[in-house]
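To start, the structure itself, in structure tokens.
The values are calculated or read from the model by the stated rules, or taken from the named source; none is laboratory data. All values reported here derive from a predicted model rather than from experimental measurement. Every residue, glycine among them, receives a Cβ derived from its backbone with ideal geometry; neighbour counts consider all protein chains shown.
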Amino acid sequence: MSACAIDDSAGAAAGSTSGLLEHALGPRVEAGCCRLGAARPDGVALHEAGAVLASVRDRRAEQRLRDAAAAGVPRDDEAVDGPDRLSRQLGRANDECWGLSILTWLAAAQGRLDEEALDHQQDLSERLELPYQLMCVHAARGQHALAAGEADEAVPELAAALAIKERCGIADATTHPVIGADLVEALVRSGRADEAAAAAAKLHEDAARSGRESAIAVAERALAVAGVESDAHFARAWELHGRSDDPFAAARTALAWGDALRRAGQRVEARELLEQARVALERLGAARWEEQAASGLARSGKVLRREPAQRDELTPAELEVASLISEGKRNKEIAAALWMSEKTVEAHLSRIYRKVGVRNRAELAARRPGRPAAAET
């Protein structure tokens, strides 16, 4: 198998998200797993997705038992109860790898990282020369790190995933999982704005070429996150989400737009979008992303207590930094949460200390009793 072969479903996979998942695990998994609940208004939980996967594997196992019998392969009763064992027996471990690539990404999106499953998936994909499944290992790890606010850790994983797609000539904008938008967000949060803008432009070019509204919506969000005429691109993304069927992507856009409005001091508009994002992400079971929306909502209503004689007002960005300091966050965590570099956080802190009349993090945190200040190391 060539370095960029994608199993026997490569032709359809390279063409569309729907094709990839239909050939990988069946149309029910596409609806239930890839889109995090697009098939039902109330979303789909991870255990339900697992049940779908098991059902697909059971049907494949039954068919292979019939094929094996016709080919004279001895029947293994244990394999009847274990489709994975049957898959290995008949040399179809690639089916197992396909299944893992869906479920591990779904788990990562919902805030869980199954390292054992990912290690096994990586081993299978490397041994069987399945680069697309190897890409999904990096995508799952990158998705999980980004959702956890660990942008610096997310960047190399997402970059590795995107490099595999590019090496195989696969359009990122139209194949699951879309890497470019997450990479843009991770780069922005890591203070690498120029790289983010370039990645966003490339994703948007690919999406526009495809003509698919769902792909263009995600690419519009990427441009907005990268700071390219943000208001216009967020609005366009939101409009397109309303005409497509991808609630997870729409919730991510609401979260990113709400965060941007909150940082700009437009708190009323921000709260509306952040609440929509929080509700949708909770319904989809995307716990880490929901936590980000809930945190943004909480910060949008915070006011740091200042001394009555203090005349200097904190800017919206300074208020955000001060609020996170009061929660015990370190500079690196604050930088990721507020989409700025650590140097910018340090500059904000210097101004906050002067305006509020304190000398260090502990004194700043004392303005909000009961909230510990993290010591920088």
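Candidates are the residues of the range 232-251 that are part of a helix (DSSP H, G or I) and of a type in the set (Gly, Ala, Ser); the one that is nearest to LEU297 (Cα to Cα) is ALA251. When each of ALA270, ALA277, ALA254 is tested for being closer than 20 Å to HIS144 by Cβ, among the small types (Gly, Ala, Ser), at pLDDT 90 or above and in a helix (DSSP H, G or I), the lone residue that passes is ALA277. Taking the criterion of being in a helix (DSSP H, G or I) and of a type in the set (S, T, N, Q), the residues of the range 135-188 that qualify are GLN143, THR174.
Checking each residue in the range 118-129 for being among the aliphatic types (A, V, I, L, M) and at pLDDT below 90 picks out LEU124, LEU128.
Would you mind stating whether GLU150 is of a type in the set (D, E, K, R), out of contact with any His (no Cβ under 8 Å at 6 or more places or on another chain) and either without any contact (Cβ under 8 Å) to a residue 12 or more places away in the chain or buried (at least 20 other Cβ atoms within 10 Å of the Cβ) (or both)? So GLU150 does not fit the description; no. Within the range 216-231, one or more residues are assigned to a helix (DSSP H, G or I) and more than 16 Å from ALA173 (Cβ to Cβ). Screening GLY265 with (1) closer than 27 Å to GLU318 by Cβ; (2) without any contact (Cβ under 8 Å) to a residue 60 or more places away in the chain; (3) in a helix (DSSP H, G or I) gives one miss only, at (3). Cβ separations smaller than 9 Å between residues 6+ apart or across chains give no pair from the range 90-104 residues that are at positive phi to residues that are at pLDDT 80 or above and buried (at least 21 other Cβ atoms within 10 Å of the Cβ).
Here the range 173-209 is the region considered, the condition is being crowded, with 23+ Cβ neighbours inside 10 Å and of a type in the set (Asp, Glu), and the residue that is farthest from ALA336 (Cα to Cα) is ASP182. Of all positions in the range 300-315, at least one carries a residue that is crowded, with 22+ Cβ neighbours inside 10 Å and modelled with pLDDT under 90.
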